[in-house]
Amino acid sequence: MLNFDHVSKRYADGGDALLDVSFHLRPGEIAFLTGHSGAGKSTLLKLIAVMERCSRGQVLLDGQNLNKAKDRHIPYIRRKLGLIFQDYKLLQDRTVFDNVALPLVIAGVGHQEICRRVRAAIDKVDLLGKENKYPQALSGGEQQRVGIARAVVNRPPLILADEPTGNLDPELSAEIMHLFEAFQQVGVTVLIATHDIALVERMGHRVLKLDHGRLVES
Amino acid sequence: MDRLHAYCAIHAHAFFSSLGRLLRTPFTTVMTVVVLALAIALAAGFYLLVANVQQLTAGIQNSNQISLFLKDSVSDDSGAQLAEKIKKYPTVEQVNVITKQQALAEFRQYSGFGEALDALEKNPLPTVLQVLPVSSLTDAGQLEQLVTSLDKLSAVDFAQMDMQWVKRLQSIMALAQRGVTLLSIILGSAVLFITGNTIRLELHNRRDEVVIAKLVGATDSFIQRPFLYTGFWLGFGSGVAAWLLVTVMMLILHQPMQRLSDLYGGIFDVRYLGFGETSMLWFISAVLGVCGSWIVLKYQLQQLKPE
């Protein structure tokens with residue numbers, strides 16, 4: 001599904017964010033990406049979402065070399081990913097329904113299909129009845145679940161989450177993590193960046209640990 | 001089929017949502033539209049003014065008739081002899097003699113100075129020969145040559161082409177027309193840049209939205225669409241406002257212009273922007289709005305990267 005092959009990333013200012021990172025994620029696998037802040041977790045996720053390009057090595061998503069992807073192909077690569085952010089990145093002036101529908105609208109899905117799939121996604125994150133609320137009227141945990149519904153509505157094969165529980169208390173965090181496990185059980189590959197070691201250990205899934213840009217545990 | 005339907009729905013949504021967005025910020029929108037409308041109205045108003053004045057020259061038949069004013073000492077008889085002589089010129093078609101008496105009678109009839117003329121001891125008007133060149137003689141240089149050669153005749157006080165003023169007016173109008181074109185280009189570019197800048201600000205305000213759309217897989221054309229429609233609405237709205245402005249201006253000027261025209265024997269009718277001209281004005285304004293937005297989006301969207 002996802003293959004990192006001796007990947008290094010050096011920023012223009014000379015700092016090395018990733019050094020010779022290699023790992024492989026099988027379809028339907030769930031993994032945590034851990035490490036201190038600045039260890040390169042975000043950079044690694046950005047390489048997968050083609051927000052950055054690696055300096056050496058190659059990143060393969062579903063067999064496609066992301067380093068060689070043309071700019072105009074990037075939107076189509078991102079449609080294969082479900083991105084989840086620490087700050088949720090919701091549109092504050094749109095309802096929950098419209099936020100979740102955004103990837104489908106962008107992909108040019110028909111109106112009826114949008115209604116059906118958005119409702120299913122909202123149901124999955126247990127927010128039915130709140131479709132017409134605006135994000136500001138929701139709690140942090142609920143907003144993050146809206147973000148998750150938006151990430152899965154297009155049924156992407158790979159979900160990337162960057163500190164998804166960073167702003168949530170332990171109870172809510174566990175709830176969110178169980179949601180990810182539920183997606184994994186239906187065959188979705190999930191990669192979660194987090195520094196919540198206690199949570200990671202409790203879940204007992206595969207851990208990729210970064211230290212100063214190097215992969216020290218996989 | 002469903003895809004096509006979805007595509008049309010996206011367009012329709014962008015079309016109306018961009019209008020709705022503009023209407024939700026009425027103050028900003030009105031400010032922008034007024035500035036754009038003033039620029040467009042300036043060009044359209046100048047165009048209409050020239051079009052109105054142009055009727056002055058369009059109605060007049062183009063004639064190359066030359067008037068020869070003979071010296072006071074030349075009698076009607078020798079005037080008639082001279083007319084015969086000039087008639088033999090290969091370049092001359094016809095010569096009419098207006099004797100001193102005829103001229104006086106005509107003047108008395110049209111000028112209204114009849115009584116003043118009675119007070120004069122003798123007829124102050126000269127004999128006039130109206131020379132009509134052959135119709136094949138249209139070249140300005142050759143005409144000028146004929147006028148000069150006639151002017152040199154000893155009996156002639158001075159020769160003048162009757163329609164010279166028309167020709168002068170015509171060249172002034174040609175100049176004014178070019179002025180309209182230049183002004184339109186300058187003001188058109190102003191419209192282009194003003195909409196461009198407005199869209200740039202709008203893009204800046206909606207930065208988060210653009211970034212999020214990019215992250216969930218939006219193509220540039222998807223992101224551009226609502227902004228292009230915003231440009232369309234701004235341009236089109238300004239075109240309509242400019243048309244309103246010009247028409248109101250013409251309504252205010254209608255009466256004095258009509259009075260002026262009546263004084264000159266109804267030489268022109270007050271003209272407004274016609275259907276074709278109005279549609280063209282709205283079309284061009286809308287196109288300028290879209291182009292202004294497009295130029296900015298082309299450069300700014302590439303710089304707007306997530307993170």
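Peptide B:201-210 has a mean shielding of 1, counted as Cβ atoms of other protein chains within 10 Å of each residue's Cβ. Normalised by the number of residues in segment A:71-193, the average gap of Cα pairs under 8 Å and 6 or more apart makes the relative contact order 36 percent. The distance between label points at B:Y264 and B:S189 comes to 3.4 nm (points 7 Å beyond Cα on the Cα→Cβ vector). Ranked by the mean number of other Cβ atoms within 10 Å of their residues, highest first, the peptides B:294-304, B:237-247 fall in the order B:237-247, B:294-304. Principal axis extents of the C-alpha atoms in segment A:57-205 (largest first, rounded to whole Å): 43, 42, 26.
Once the partner protein chains are put back, segment A:61-81 shows a loss of at least 10 square angstrom of accessible area, versus the chain by itself, at A:P75, A:Y76, A:R78, A:R79 (probe 1.4 Å, ligands and nucleic acids excluded). Of the chymotrypsin sites (Phe, Trp or Tyr not before Pro) found in segment B:108-162, those in coil by DSSP whose Cβ has at most 15 other Cβ atoms within 10 Å are B:F113. Over all pairs of different C-alpha atoms, segment B:21-141 has a mean inverse distance whose reciprocal, the Kirkwood radius, equals 19.8 Å.
Build a GNM of chain B with springs between Cα atoms under 10 Å apart, and of B:N123, B:N197, B:N52 the one that fluctuates most is B:N123. Rounded to the nearest 10 degrees, the inclination of helix B:76-87 to the longest alpha-carbon principal axis of chain B is 60 degrees. Rounded to the nearest 500, the 222 nm mean residue ellipticity of chain B from helices alone is -25000 deg cm²/dmol, with -39,500 (n - 2.57) taken per DSSP H run of at least 4 residues. Taking every DSSP beta bridge that has both ends in the protein assembly as shown, the antiparallel portion is near 65%. Relative to one another, the C-alpha centroids of segment B:1-64 and segment A:109-185 are positioned 45 Å apart. Share of carbon and sulfur in the accessible area of the protein assembly as shown stands at 58%, probe radius 1.4 Å.
Given a Förster radius of 25 Å and the C-beta distance between B:R3 and A:H73 as r, what FRET efficiency does 1/(1 + (r/R0)^6) yield to the nearest 0.05?
Numbers: r = 20 Å, r/R0 = 0.78.
Efficiency, rounded to the nearest 0.05: 0.80.
For chain A, adding -39500 (n - 2.57) for each run of n ≥ 4 DSSP H residues and dividing by the number of residues yields -10000 deg cm²/dmol at 222 nm. Only lysines eight or more places from A:K9 in sequence, or on another chain, were considered; those with a Cα closer than 30 Å are A:K41, A:K46, A:K68, A:K70, A:K80, A:K89, A:K209, B:K214, B:K298, B:K305.
Report, as an integer, the average count of C-beta atoms from other chains found within 10 Å of each Cβ along A:107-118. Let's see the in-between values first.
Details: counts 6, 9, 3, 8, 4, 3, 2, 2, 0, 0, 0, 0.
Neighbouring Cβ atoms belonging to other protein chains average 3 per residue here.
So how many Å³ per residue does the convex hull of the Cα atoms of the protein assembly as shown work out to? Spell out each step's value before the answer.
Working: hull volume 122.9 nm³, N = 525.
Hull volume normalised by residue count: 234 Å³.
Am I reading the A/B interface right? What is its buried accessible area, both sides, 1.4 Å probe, to the nearest 100 Å²? Before the final figure, lay out each step's value.
Numbers: alone 10560 and 18940 Å², together 27720 Å².
Approximately 1800 Å² gets buried when A meets B.
Neighbours of B:Q130, meaning other residues whose beta-carbon lies under 12 angstrom from its beta-carbon, give a summed charge of -1 when Lys and Arg score +1 and Asp and Glu score -1.
In the full protein context, segment B:86-241 carries 56 Å² of accessible surface per residue, based on a 1.4 Å probe and ignoring ligands, DNA and RNA. Relative to the globular-protein estimate of 2.2 N^0.38 Å, the Cα radius of gyration of segment A:1-135 stands at 1.24. For segment A:81-155, the solvent-accessible area of protein heavy atoms averages 41 Å² per residue (probe radius 1.4 Å; ligands and nucleic acids excluded). Relative to the longest principal axis of the C-alpha atoms of chain B, give the angle of the C-alpha long axis of helix B:164-205, reported between 0 and 90° and rounded to the nearest 10°. Approximately 10 degrees, to the nearest 10. Considering only alpha-carbon pairs that sit under 8 angstrom and 6 or more positions apart, the relative contact order computed for chain B is 29 percent.
With a cap of 16 neighbouring Cβ atoms within 10 Å, and only residues DSSP puts in a loop, list the GluC sites (Glu not before Pro) found in segment B:30-130. Those satisfying the criteria are B:E121. For segment B:65-160, relative contact order (Cα pairs under 8 Å, six or more residues apart, normalised by length) works out to 47 percent.
Axis angle, to the nearest 10 degrees, between helix B:140-151 and the longest C-alpha principal axis of chain B: 30 degrees. The solvent-accessible area of B:M249, taken with every protein chain present and a 1.4 Å probe, is close to 90 Å².
The values are calculated or read from the model by the stated rules, or taken from the named source; none is laboratory data. The model shown is predicted, which means the values in this text are computed figures rather than measured ones. Counting neighbours? That spans all protein chains shown, and the Cβs are built from the backbone with ideal geometry, glycine included. Heavy atoms of the whole protein, side chains included, go into the accessibility calculation; ligands, DNA and RNA do not. Shrake-Rupley method; radii C 1.70, N 1.55, O 1.52, S 1.80 Å.
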